[in-house]
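Comments concern the structure below.
Each reported figure results from applying straightforward, stated rules to the coordinates on display, with no laboratory input. A quick note: this is a predicted structure, and the numbers were derived from the prediction, not measured. Positions of Cβ are generated from backbone atoms using ideal geometry, with glycine treated the same way; all protein chains shown enter the neighbour counts.
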Amino acid sequence: MKPQDIRVRPSADQYHEFTSSFTRPWDELLIERAMDEYGGAATGTLVDIGTGTAALLLMLAEKKELDGWKMVGIDYFEDMVDRGRAAVSEAGLADRIEIRREDAHATSLPDECAELVVSRATMHHLRDPAAAYAEVYRLLAPGGVAIVHDMRSDPPADVLARFNEMRARAGLLPTIVEEKYTLEEARQQLARAGLSERSRVATSDGNAALGYEALIRKPAAG
Ligand SMILES: C[S@@+](CC[C@H](N)C(=O)[O-])C[C@H]1O[C@@H](n2cnc3c(N)ncnc32)[C@H](O)[C@@H]1O
């Protein structure tokens, strides 16, 4: 059975410690995919769902291709939001990056406000991933793309073993694979959101084999 709500969650400080030292290969993977998909526009809005302490947004903000882009990170938990805002202020990026306290299932952001939506390691925390996928689609501007990365429940044994060794070096317990989803389950969630035709779920090799990517495209207007 999947969790109905978030049960065990690290504090913002613990989470920041982990992301600043151990998630770099997966940060790079998502940033690379965002740069593949951003479409070359000089301006736009990027939304990060479940932004945590905003580490990924700060890395994305360093990309010169995204210089003219505004970014919005949303997270449900106040300590994450506070820590994320502090990190953005320290980086002198408060005019470009807004961190908001919002629920990924139903945000107060306007329809079609984002050309690019990203989300990492968040879907498996949510009570209703299908509702969150529908919300992501609502936020996408016509022609927009969402890139959602999450860990899968059935990664190859050697990849999982390497990941858990990394966690052990960080003083963390092995990851709980049972709370994650398979690629097929992610496809079913997208189907429940009415997005089968507009999405694809895939994995790859190397570090990417630890998880999957759900890519959602909204057709361009007209
Ligand atoms: C594993 S962390 C990932 C954080 C960040 N995306 C990263 O990759 O570093 C999952 C995040 O989802 C957030 N979260 C959980 N439930 C949420 C909800 N209903 N709405 C928005 N964020 C949520 C948590 O507070 C946490 O920051």
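Brief remarks follow.
- Taking the fewest neighbouring Cβ atoms within 10 Å as the starting point, the ordered list for V81, V118 is V81, V118.
- Radius of gyration and maximum dimension Dmax of the chain, Cα, Å: 16.4, 53
- R0 of 22 Å, Cβ-Cβ distance E32-A161: FRET efficiency to nearest 0.05: 0.35
- Fraction of beta bridges assigned by DSSP in the chain that are antiparallel (%, nearest 5): 30 percent
- Hits among aspartates and glutamates - C-alpha to C-alpha of K218 under 13 Å, sequence gap 8 or more where chains match: E37, D111, E112, E115, E135, E197
- When the chain is treated as a Gaussian network with alpha carbon springs shorter than 10 Å, the biggest mean-square fluctuation among R162, R85, R101 belongs to R162.
- Using the alpha carbons alone, the radius of gyration of segment 16-67 stands to its Kirkwood radius in an Rg to Rh ratio of 0.96.
- In nm, spacing of pseudo-spin labels at R192 and S89 (7 Å Cα→C-beta vector): 3.9 nm
- Ellipticity estimate at 222 nm from DSSP helix runs (n ≥ 4, -39,500 (n - 2.57)) divided over the chain, nearest 500: -11000 deg cm²/dmol
- Translational diffusion of segment 134-222, estimated by Stokes-Einstein from the Kirkwood radius over alpha carbon pairs at 4 °C in a medium of 1.567 mPa s, is 90 µm² per second.
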